[in-house]
Amino acid sequence: MFRFLHLADIHLDTTFLCRSESLRARLRDALRRAFERAVGTAIAEKVHAVLIAGDLFDNERLSFVTEEFLLEQLRRLDAAGIPCFYCTGNHDPSGRPPRSGNMAWPGSLELFGKSRSSHMIRGASGEPLACIVGAGHKTSKESENLAASFPEAKSDVPHVGLLHTQVTSAKEAADHDRYAHCAVEDLQGKGYAYWALGHVHKRQRVADDPEAWYAGNIQGRHPGETGAKGGLLVTIRDGGRVETEFRAFAPIQWAEIVLDDLEDAHTVDDVRRRVAADFSAEAGKDTDVAEAWMLRVRLAGRTPLAQELRDPAQRQELEGELCSALDDVLEVEIKADQVAPVVDVEKHRGEPHLLGSVLDLLDGIREGRENLSDLIPPDAFARTFESEGEREAYLRSLLRDLDSEAAYRLLREGVA
């Protein structure tokens, strides 16, 4: 049996720009504490090894304090007799280290740079437990398919591949840069028992045969990285059966609440109560290690408060009130770009005035009587689209609640 802790994308000393200095310090400390918890788990579980699949830190942003912290944690593993295997990623490439080339790494750490190499892990009696095969990024924009160069397993000893890569079919892979990309097929047919992957921050299994996993990042870094974050405790049983168990380590968790049924919300206090109730339910789902929260609230749909919620000053005031009222919430961000006023649109359909004509045009687009692409030229948007279908889908998404918005604006200006 071989048991190890699979970690990835720790990103020590992330800058957390656009946050207050105190909040940035709190979030950077959360990254360190998450890693400290991971090391503690490895020692408590008496694993045979810790595997880190790239992006341990963020290039030149590694501070002296964090450098010493990192070495201290690695020495804890060393003292417990637990070797650590670490392959570099695009944020910590081996060809452009911050100061890592001169750091006093403990002897039990095996660093995989650009050159692919293998290392055999042995048990107390010298018996082979597993072979770790790894390769890292030499530059911050590694373009080579590193997975394709991994050798086939040449013995019955379980082989584990350690790699920072973009598996192109993985969920949310498009949210990450296309570095060292590969296909699932590149991980198969080599006789490996497990692939310990990094780069994509969403925890997921990308292949069943063999088991290939992204552990996800150890601590969420922005509103898009919601939910519990941590690592995978992996056991390869005799005979090759693989078991994975998620362990949460992040002390700060990001959460998002969507409220799109606010037609009955007539006061800001109504919205505040709804947010508080939904957050309480969300926070109750993950009670293991989360100590504090970063909350994003998305408001959408028709509401009598549309005008107030679109006002940045009033929205900022509501954010402050929610942050004070909700326990253990460090920051609240409200997005209200999709709210629309409550207007009786139906009574204006078919009427011989400007609003009636606008509503007829919108109906024509939805029903296919009007070609949306002909109405809006390709260069109307700053963003680019991979296909006409993607552009069409994006444009149609903008039609949501546009009837109410058009009616509200035209009636308010008295030009309907």
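Taking the Cα atoms only, what angle lies between the long axis of helix 312-325 and the longest principal axis of the chain, rounded to 10 degrees? That works out to roughly 50 degrees. For the stretch 2-248, report the % of Cα-Cα distances exceeding 26 Å. Counting every Cα pair in the stretch 2-248, those more than 26 Å apart make up 32 percent.
The ellipsoid that matches the Cα gyration tensor of the stretch 252-340 has semi-axes, each √(5λ) in whole angstrom, of 23, 13, 11, with the longest given first. Suppose we flag chymotrypsin sites (Phe, Trp or Tyr not before Pro) only when DSSP calls them loop and at most 15 other Cβ atoms lie within 10 Å. Which is the longest uninterrupted stretch of the chain? Result for the longest clean stretch: 1-380.
Subtracting the Cα-Cα distance of V157 and D328 from their residue separation scaled by 0.36 nm leaves 56.8 nm. The coefficient of translational diffusion for the stretch 185-290, derived via Stokes-Einstein from the alpha carbon Kirkwood radius under 4 °C and 1.567 mPa s, stands at 79 µm²/s. Applying 0.36 nm per residue to the separation of A292 and E388 and subtracting their alpha-carbon distance, the gain on full extension is 30.3 nm.
A simple spin-label model places pseudo-atoms 7 Å from Cα toward Cβ; at D360 and D337 they are separated by 3.3 nm.
For the pair Q314 and A174 in one chain, pulling the backbone fully straight at 0.36 nm per residue adds 46.9 nm over the alpha carbon distance.
With a Förster radius of 45 Å applied to the beta-carbon distance between D260 and R237, the computed FRET efficiency rounds to 0.45. With the simple spin-label model, which puts each label point 7 Å out from Cα in the Cβ direction, the F64 to H119 separation comes to 2.9 nm. Placing a pseudo-label 7 Å from each Cα along the Cα-to-Cβ vector at M1 and R205 gives an inter-label distance of 1.9 nm.
In this structure, the pairs whose alpha-carbon distance is over 32 Å, taken from K190/K285; K138/K335; K138/K171; K46/K141; K46/K190; K114/K202, are K190/K285; K138/K335; K46/K141.
Every number here is computed from the coordinates shown, using simple stated rules; none is lab data. These figures come from a predicted structure and were not determined experimentally. No Cβ is skipped: glycine too gets one built from the backbone with ideal geometry, and neighbour counts run over all protein chains shown.
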